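Chemist: Before I ask anything, let me first share the structure, which is written out below as structure tokens.
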Amino acid sequence: MPQDVTFDLPFDTPVSDHLEYARARHLRWIWDMGLVRSQAGFEKYRSRDLPQAAARTYPHASAADMVVLMNWFSLAFLFDDQFDASQPDRADRILDVARELIVTPLRPAGSRPRVVCPITVAWAQVWNHLSDGMSLTWRTRFAASWGRFLVAHCEELDLAARGIAGTLDLDEYTEFRRRTVGIHHSIDAGERSRGFGVPAQVQAHPLMERMRDLAADTIGFMNDIHSFERERRRGDGHNLIAALHRDRALSWEAAAEEAYRMTNACLTEYLALEAQVPQICDELTLNEDERRRVQQGVEAIQHWINGNYEWAPVSGRYAEKKTELASKGSVDDLLAV
């Protein structure tokens with residue numbers, strides 16, 4: 001049932017005209033960087049159609065920037081697969097690589113990674129392009145959001161290693177999911193995709209902070225609903241429906257219905273806050289250029305909510321059992337030198 005759930009999103013967001021151009025160059029890059037090392041790994045990666053996700057969430061990027069964004073977009077998904085495929089003796093290596101991914105944006109541009117493997121080398125290259133031309137304020141904010149996301153994934157790995165994965169109560173899970181879904185840095189990348197920056201006083205405003213959190217919750221919960229059947233087959237309890245079933249002793253059907261209600265509640269609150277953005281611009285006495293950049297920042301959030309929703313049902317990442325690839329996690333080892 002969750003795979004077929006639909007949501008009524010009030011956004012009409014575009015798709016990049018550069019999808020096919022960038023897809024071909026991105027898939028070549030994946031091979032050249034050693035991020036897939038076998039035909040099976042390539043087919044599994046291609047089945048997810050991550051280029052379409054990038055084209056939907058960053059529709060205004062130039063052709064060249066769309067390639068960069070696709071390349072960056074791939075890294076978190078490929079790294080996450082290494083977690084799924086990990087054995088106990090790989091935990092230390094995963095943590096070393098995660099630390100390297102976190103500190104890369106904090107080093108001088110062009111620095112070589114100190115922990116070397118396909119993912120860290122690729123990220124160092126991508127970051128040089130992704131950060132090019134962006135302000136120190138943006139780079140610092142992106143680095144913080146990216147770091148929180150990767151730390152959350154390391155915490156998830158630790159829970160699994162301790163045998164307590166899928167035991168968080170509902171409040172713990174919803175806070176944790178907000179970090180693991182990785183939407184804050186993804187919205188930040190929306191600014192890079194169009195070459196602008198949301199004014200710092202708006203970005204720091206409680207209303208904007210809450211809007212970003214609600215976007216993360218909405219997207220994370222929608223993803224949980226659409227991927228629930230797949231994750232339940234795999235015994236993965238890191239899912240909102242599973243948390244509701246566990247914490248509130250609900251039936252699976254009732255838990256799915258409550259997850260749907262919670263997701264819509266997040267979206268409703270987000271829309272109510274979005275309607276207040278012009279008032280905040282007035283209160284902060286923003287000029288015309290600043291207001292334009294605020295509007296582009298709001299559009300970056302909309303692109304992510306709607307773009308992710310349109311992409312998820314057609315991606316192999318949320319596939320039905322009949323199309324789901326057999327292996328769990330990565331086909332190729334991307335953490336070895």
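Chemist: I'm checking a number: the convex hull volume of the Cα atoms of the range 224-292, normalised per residue, in Å³. What is it?
Modeler: 123
Chemist: Residue by residue through the range 235-246, what is 3J(HN,Hα) from phi via Karplus (6.51 cos²θ - 1.76 cosθ + 1.60, θ = phi - 60°)? Round to whole Hz and write x for glycine and proline.
Modeler: So the J values, rounded to whole Hz, are x, 8, x, 7, 7, 4, 5, 5, 5, 5, 4, 6.
Chemist: In addition: List, in order, the whole-Hz ³J(HN,Hα) value for each residue of the range 165-170 obtained from phi through the Karplus relation with A = 6.51, B = -1.76, C = 1.60 and θ = phi - 60°; use x for Gly and Pro.
Modeler: Values, residue by residue: 4, x, 10, 5, 6, 4 Hz.
Chemist: Separate question: Could you do me a favour and compute the accessible area per residue for the range 19-111, 1.4 Å probe, result in Å²?
Modeler: Counting only protein heavy atoms, the per-residue value for the range 19-111 is 41 Å².
Chemist: While we're looking at this one, here's another question. Can you give the FRET efficiency to the nearest 0.05 for Arg234 and Gln279, using r as the Cβ-Cβ distance and R₀ = 56 Å?
Modeler: 0.80
Chemist: Could you put Thr140, Thr174 in order of accessible surface area, largest first, with the 1.4 Å probe and the full protein assembly present?
Modeler: Thr140, Thr174
Chemist: What ³J(HN,Hα) values, in whole Hz, does the Karplus curve 6.51 cos²θ - 1.76 cosθ + 1.60 give for the range 210-221 when θ = phi - 60°, with x put for Gly and Pro?
Modeler: 5, 4, 5, 5, 5, 5, 4, 5, 4, 5, x, 5
Chemist: Another question, if that's okay. With charges only on Cβ, +1 for K and R and -1 for D and E, what is the dipole size of the chain about its Cα centre, in debye, rounded to 20?
Modeler: Computed about the Cα centre, the dipole is about 1080 debye.
Chemist: Leaving out ligands, DNA and RNA but keeping every protein chain, what accessible area does Cys154 have, in Å² rounded to the nearest 10, with a 1.4 Å probe?
Modeler: 20
Chemist: Now for a different question. Under a crude label model (7 Å from the Cα following the beta-carbon direction), how far is Glu288 from Ala40 in nanometres?
Modeler: About 6.1 nm separates the two model spin labels.
Chemist: How much of the accessible area of the range 192-263, in percent, comes from carbon and sulfur atoms when a 1.4 Å probe is used?
Modeler: Roughly 48 percent, rounded to a whole number.
Chemist: With a 10 Å cut-off between alpha carbons and a GNM built on the chain, which of Arg179, Arg48, Arg248 moves the most?
Modeler: Arg248
Chemist: Give a quick list of trypsin sites (Lys or Arg not before Pro) in the range 86-166 that DSSP marks as loop, anything other than H, G, I, E or B, with at most 10 other Cβ atoms within 10 Å.
Modeler: Counting only loop positions with at most 10 other Cβ atoms within 10 Å, the trypsin sites (Lys or Arg not before Pro) in the range 86-166 are Arg162.
Chemist: Along the principal axes of its C-alpha atoms, what lengths does the range 8-62 span, in descending order and rounded to whole Å?
Modeler: Dimensions of the range 8-62 along the principal axes of its Cα atoms: 41, 26, 13 Å.
Chemist: Over the range 1-60, with every protein chain in place, what whole percent of the accessible area is carbon and sulfur at 1.4 Å, could you tell me?
Modeler: 48
Chemist: When all protein chains stay in place, what accessible area (Å², nearest 10, 1.4 Å probe) is found for His238?
Modeler: Rounded to the nearest 10, the figure is 30 Å².
Chemist: So how far apart, in nm, are the two label points at Leu9 and Gln201 if each is 7 Å from Cα heading toward Cβ?
Modeler: 3.2
Chemist: Follow-up. Once the mean 1/r over all distinct Cα pairs of the chain is inverted, what Kirkwood radius in angstroms do you read off?
Modeler: By the Kirkwood definition, the hydrodynamic radius is 20.5 Å.
Chemist: Relative contact order for the chain: what percent, with Cα pairs under 8 Å and sequence separation of 6 or more?
Modeler: 29
Chemist: Oh, and also: For Ala22, what is the net charge nearby, where nearby means another residue's Cβ is under 12 Å from its Cβ and Lys, Arg count +1, Asp, Glu -1?
Modeler: Around Ala22, the charge tally is 0.
Chemist: Relative to the present Cα-Cα distance, how much length would full extension add between Ala91 and Ser47 at 0.36 nm per residue of separation?
Modeler: 13.1 nm
Chemist: Please compute the net charge surrounding Val202, taking Lys and Arg as +1 and Asp and Glu as -1 over other residues with Cβ under 9 Å from its Cβ.
Modeler: 0
The values are calculated or read from the model by the stated rules, or taken from the named source; none is laboratory data. Model, not experiment: these values are computed from the prediction. Counting neighbours? That spans all protein chains shown, and the Cβs are built from the backbone with ideal geometry, glycine included. Keep in mind that these areas ignore ligands, DNA and RNA; they rest on the heavy atoms of the full protein, side chains included. Shrake-Rupley method; radii C 1.70, N 1.55, O 1.52, S 1.80 Å.
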